[in-house]
Amino acid sequence: PVIMRALFLPLITRTHTAGAISRCLAVAEHLRLFEHEVSFLTYGEGVKRVAEAGFAFTEGVVPGPPGALRPLYDLSDVAVLLNLTSEDYVRRSLESELRAVDQLHPDVLFSEFNLTAPITAAIRDIPLVSTACTPADPRFVSPLFPDKRAVSHDQAIQGFNRILAEYGQAPIQDVAELFFMRSHSKIAPTILEIEPLLQDVPNLHY
């Protein structure tokens, strides 16, 4: 059988994100059943969970402290709150991911809410698989807050676009475009009836 090397790039934050690492571990366990080689780029609690599961790992970089609590209307707002969109952090995250790719030579990357993963994948020309969900879709509008956004994302978008331009990649209009829209394949751990917004996303599998 053909052995594939997969590098998992789960969300890294200063707070514990059990869901992100748990979903990545579920997919990694399945790959291991078929003797594929799996490694992680993670941090903090993620390192502990990955080590306990017996997977190889490299430590990634952590963003700055979260901002002040405020209403959150979509996952882009969450990303801004958690400092995942700071240009300094994005550059450090990219350096960390590119270094891991060059050391581990993966055949595929797997991302869970990682905003720099599609940039890394495009730079190194590696297929990217990402999880997908409705609140991470750029078209998502909360039915509770149809006309509001917690904070302007202009600064975050400008920072990303400077970096994307440096690597010859297309600009974004919304931070959420980087969650899964630029991935080669998307996995939505849900069903069409619950998240119909995703039904027209190319290469998405419910």
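The values are calculated or read from the model by the stated rules, or taken from the named source; none is laboratory data. These numbers were taken from a predicted model, which means no experiment stands behind them. Counting neighbours? That spans all protein chains shown, and the Cβs are built from the backbone with ideal geometry, glycine included. Accessible surface areas use protein heavy atoms only, side chains included; no ligands, DNA or RNA. Shrake-Rupley method; radii C 1.70, N 1.55, O 1.52, S 1.80 Å.
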Among the residues of region 77-108, which ones are of a type in the set (G, A, S) and surrounded by 23 or more Cβ atoms within 10 Å (Cβ to Cβ)? A79, S93
Are there any pairs with C-beta distances below 7 angstrom linking a residue in region 153-175 that is touching a residue at least 40 places away in the same chain (Cβ under 8 Å) and polar (S, T, N, Q) to a residue that is surrounded by 13 or more Cβ atoms within 10 Å (Cβ to Cβ) and not in a loop (DSSP other than H, G, I, E, B), with the two at least 6 apart or on different chains, and if so which? Q169/I119; Q169/A122
With respect to T13, determine if the residue is at pLDDT below 95, touching a strand residue (DSSP E or B) at 6+ places or on another chain (Cβ under 8 Å) and buried (at least 17 other Cβ atoms within 10 Å of the Cβ). no
For V129, the lone unmet condition from (1) free of Cβ contacts under 8 Å to residues at least 12 places away in the same chain; (2) under 20 Å from E97 (Cα atoms) is (1)
Taking region 34-74, which residues are open to solvent by less than 40 Å² (accessible area, probe 1.4 Å), aliphatic (A, V, I, L, M) and either in contact (Cβ under 8 Å) with a residue 60 or more places away in the chain or part of a helix (DSSP H, G or I) (or both)? V47, V50, A53
I'm checking my understanding of the structure. Among residues of region 39-61 that are among the aromatic types (F, W, Y) and modelled with pLDDT of 95 or more, which one is farthest from T120 (Cα to Cα)? F55
Determine which member of the set S111, S142 is open to solvent by less than 10 Å² (accessible area, probe 1.4 Å) and either within 10 Å of the chain's Cα centre (by Cα) or under 21 Å from A176 (Cβ atoms) (or both). S111
Considering only residues that are more than 21 Å from V80 (Cβ to Cβ) and open to solvent by 80 Å² or more (accessible area, probe 1.4 Å), which ones fall in region 152-170? E166, Y167
Can you tell me how many residues within region 1-50 are among the β-branched types (V, I, T) and over 19 Å from the mean Cα position of the chain (by Cα)? 2
So is A117 farther than 20 Å from A26 by Cβ, touching a strand residue (DSSP E or B) at 6+ places or on another chain (Cβ under 6 Å) and crowded, with 18+ Cβ neighbours inside 10 Å or not? no
